[in-house]
Structures are given as structure tokens and as C-alpha cells.
Amino acid sequence: MTSAAFDFAPLLPAGLPAPAARWTGLARYSFVGGNNDPDQVPVDGLIDAVNAVLRREGRTLATYGLASGPQGYRPLREFLTAKLKRDAGIGCTADDILIVSGSLQALDLVNQTLLARGDTVIVEQETYQGALTRLTRLGVNAVGIPLDHEGMRMDALASALADLKGRCIRPKYIYTIPTVQNPTGTIMPEARRAELLRLSESYGVPIFEDDCYADLIWAGQRPPAIHAMAKNGGVIHIGSFSKSIAPALRVGYIVAPWEMLSRMLALKTDAGSGALEQMVLAEYCAPHFASHVPKLTRGLRAKLDTLMEALNEHFGTSAEFEDTKGGIFLWVKLPDNVDTLKLYQSALAAGVAINPGPEWSTDKSYSRSRLRLCFASPSTEKIREGIAVLADVCRREFGVPVRIANVEKRA
Ligand SMILES: Cc1ncc(COP(=O)(O)O)c(C=O)c1O
């Protein structure tokens, strides 16, 4: 006798997000997500690190939070203290840092601490999809500020803040990815960071600084973090090991004043982020991080060159983009008649996964003909082949590019 499957549907509370789709594997040519280069994961170094740290301290795994308490493995926080000082100019102690399960958990904790349904926040007009979907789910109004080649435009921010103030709205934060912006790849110069701080202070709106790509800069050097330049403690800074070491480890961090950190700690109900990952990272990074990163960025830069060459070859002048200063993405503009949400569907059917622009922007019409391509994860061969297939699909669906690899195509 077979019994009917149990029906959970009547038990689900209102307001749940739509159910997730089942994973069906990576596309043959995958230019999506924030995945990294598999050949650049320092596997041998991580193996040595896991052996060394487990031999020495493995027994501390018997205790929630190891012997370090709820803010995360202390040697990792100490590594971060030194790294943040050296690279970003941030003067903080291990007590100012909370280790989290990827910086996505940082986004959730900051949002849970500060936001309520109906609130308003300010974001860059083109921004991280994971930030936008969270805000939508929370019922928070995200005001997008246009970007130029130096990141968020301060003239537009000033008028948005004045306009909101005129309507008695005090935004809860200004979310920015100032150091290798996602998806546009810009780096906000120091003078603009100072102007951003000035506006934040004069309107009493804190800055939420997401520095997740800050290690991946071709030139190596970066401007100081906004957190480092702030005098009043009004900046929450988050970062991640996802882009510099490996995203599947799920280790990120928050640097914030205790007033905020203590609230977030109270909301972090998972009894601590994965201990083994934190231990391995601390053991590996203290001696090796500084030499690993330049190797990683050299490889990423070479892949970006391959991608730009492939786009030039297969799309010609139909694909417009700016050579980025770092990161793992290229933000590409196609002719106005191309709808990248539709292109996404047809390209996927042909085995090419792309991120359509509207998912990364608060302005759906501006971003309609734009797309984001991640160049870190596919091999150089796959980059070349995938872009050739994408150009073919795009020409079939939208009539552009007219020429592919110097051969004129008949419509
Ligand atoms: C801007 C930005 N912030 C946060 C994240 C989340 O990264 P993770 O949770 O892996 O640290 C990403 C991932 O791609 C991102 O692009």
C-alpha cells in the first residue's frame, strides 16, 4: 500500500521567499557568480596548514568557538588586524572583528541590526545582486546612485540625500563597494572617499563598506578603506576570504564599533562559524597570504585580457567595456536593442551562462542591454569558446554583432 506524500504546503508561514530551484550543474561555459580560478586555490598550502593546525590545536574543536569565544578564532582575527592595517590602513584590534560565514552573513547581520520593512537605504545604482535581493525581501526601499569611472557619483549622492531629507527620510546606510566595484570594476579614489564621508557625517547616515574584492587589484596598491579615514566610527566594514583564497570556505568578517558588533553578535545564532575553515585560513594566511595574492591577480589579469580579446574578436564594436582595475568581473554594454534577460535564456540553452544586467542594478532600463561576465572561473580556452558561442546566439536573436571575427553575417 502506498501512502500519499506528506503535504507541507498548508504549514508554511506567509512571506517565505519563492522556493529555490534545484541545482542542475554548471553551464558548459559559466561566466556567472563570484567563483574563482580553480587552478589558483593554494591546495598544497591548505593541506599543510590543516595538518599543522589540527596536530597542534585539534582538541580545541571540543569547545564551541574553540578557545577564542564567539567572535571567531583569535589567530585569524589577529592576522586580519595586521593585514587590514598594512593594506587598508584600518587601525583595529582583534576585539573589533567578528568572523562570519562569508560576507553574505555579514550583509544579513548588518541588515537585521539596522533595517525594518519600509526603511530606505542608499546603494550604488549597479551593485551586488545578493545585496539587492536581500533588500527586496526585507521590504526596504533601495535608492540607486549612478556611478562613473571613479565609483559612486558624489553630486548624485548629495542630491539624493538632500531630496530624502526634504521628505523627512533618513536612510539607514549608504552601501558601497568602493574598492573594485561589483559589477563595474571601478576603484573610488581617496578624495571621493573623503567627500563620501563628509556627506555621511553631515546627513548622519552611516556607511556600509563592502571590501570583498579589495585584494584583487592589478596595481597591488589601493586607497585607504573608508573605515580607516572615518573619524566618528560611522563606518561598518566587511570583507571576505572568498575572492582571495576560496569562496566555498565561507569565511568573511565584520569590523565595526562594539555598539554595532554586540548587536550583530546577539543576532548570530549559529554558535560560531565553521572552526576548521578559520583555523586553516589563519595557519595558511599568516605566512603565505602576501605572496599568494600577487600570483592570483597576475593569473586573473591574464584571463581578463583573454576575455577582452575574445569580446573584441567576436563582438567587435558591439561590445563596449572599460578595462577594469581588478576583480573577477567585466561589465559589458551591448547595443540598445539587446535585452540581456532574453539573451540569458537563449545563451543558457546553448550552454553559456551570463549574468543579465537588470539583476545587478536598481535601474532596469539602463541595465537592460548590459551584462556581467565572471572571467575568473572558466579556463582561457573556455573563455574564448564561450564568447564565440555567446556572439553567435546574440546575432541570431538580436542581429548583433553584424560581423563576427571579421566575417560579415547575413541577417
Ligand atoms: C560585493 C559582494 N559582497 C559580498 C559577497 C558575498 O561573498 P561571500 O559570502 O562569499 O564572502 C559577494 C560575492 O560575490 C560580493 O560580490
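The values are calculated or read from the model by the stated rules, or taken from the named source; none is laboratory data. Here the structure is a predicted model, which means the values were calculated and not measured. Positions of Cβ are generated from backbone atoms using ideal geometry, with glycine treated the same way; all protein chains shown enter the neighbour counts. SASA here: full protein model, heavy atoms, side chains in, ligands and nucleic acids out. Shrake-Rupley method; radii C 1.70, N 1.55, O 1.52, S 1.80 Å.
Brief remarks on what is shown
- Selection count, the range 149-162, where residues are more than 16 Å from the ligand (Cβ to nearest atom) and either surrounded by 19 or more Cβ atoms within 10 Å (Cβ to Cβ) or in contact (Cβ under 8 Å) with a residue 24 or more places away in the chain (or both): 7
- Long-range neighbours under 7 Å by Cβ, at least six apart or interchain, first residue part of a loop (DSSP other than H, G, I, E, B) within the range 1-29, second of a type outside the set (S, T, N, Q) and open to solvent by 100 Å² or more (accessible area, probe 1.4 Å): Pro17/Arg137
- Residues that are within 11 Å of the ligand (Cβ to nearest atom) and open to solvent by 40 Å² or more (accessible area, probe 1.4 Å) were ranked within the range 88-111; the one that is farthest from Met260 (Cα to Cα) is Leu104.
This table checks each residue for (1) aromatic (Phe, Trp, Tyr); (2) closer than 20 Å to Leu199 by Cα; (3) assigned to a helix (DSSP H, G or I).
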site: Arg77; (1), (2), (3): no, no, yes
site: Arg86; (1), (2), (3): no, no, yes
site: Gly91; (1), (2), (3): no, no, no
site: Asp155; (1), (2), (3): no, yes, yes
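- Strands (runs of 3 or more DSSP E) contained in the range 180-269 and holding at least 3 residues of a type outside the set (Gly, Ala, Ser), more than 11 Å from the ligand (Cβ to nearest atom) and open to solvent by less than 40 Å² (accessible area, probe 1.4 Å): 235-240
- When Lys172, Lys165 are checked against the criterion of being in contact (Cβ under 8 Å) with a residue 24 or more places away in the chain and either aromatic (Phe, Trp, Tyr) or in a loop (DSSP other than H, G, I, E, B) (or both), Lys172 stands alone in meeting it.
- Some residue of the range 51-68 being surrounded by 20 or more Cβ atoms within 10 Å (Cβ to Cβ), within 29 Å of Ile226 (Cβ to Cβ) and in contact (Cβ under 8 Å) with a residue 60 or more places away in the chain: no
- Set side by side, the residues Val352, Val293, Val280 differ, and just one is at pLDDT 95 or above, aliphatic (A, V, I, L, M) and touching an Asp or Glu at 6+ places or on another chain (Cβ under 6 Å), which is Val293.
- Selection within the range 112-138 - closer than 21 Å to Glu259 by Cβ and either open to solvent by 10 Å² or more (accessible area, probe 1.4 Å) or within 12 Å of the ligand (Cβ to nearest atom) (or both): Gln112, Thr113, Leu114, Leu115, Ala116, Asp119
- Per-region count, the range 270-296, residues open to solvent by 20 Å² or more (accessible area, probe 1.4 Å) and aromatic (Phe, Trp, Tyr): 0
- Filtering the range 339-358 for residues that are open to solvent by 20 Å² or more (accessible area, probe 1.4 Å), basic (Lys, Arg) and in a helix (DSSP H, G or I) leaves a non-empty set.
- Boolean, Gly72 is open to solvent by less than 30 Å² (accessible area, probe 1.4 Å), small (Gly, Ala, Ser), modelled with pLDDT of 95 or more and not in a helix (DSSP H, G or I): yes
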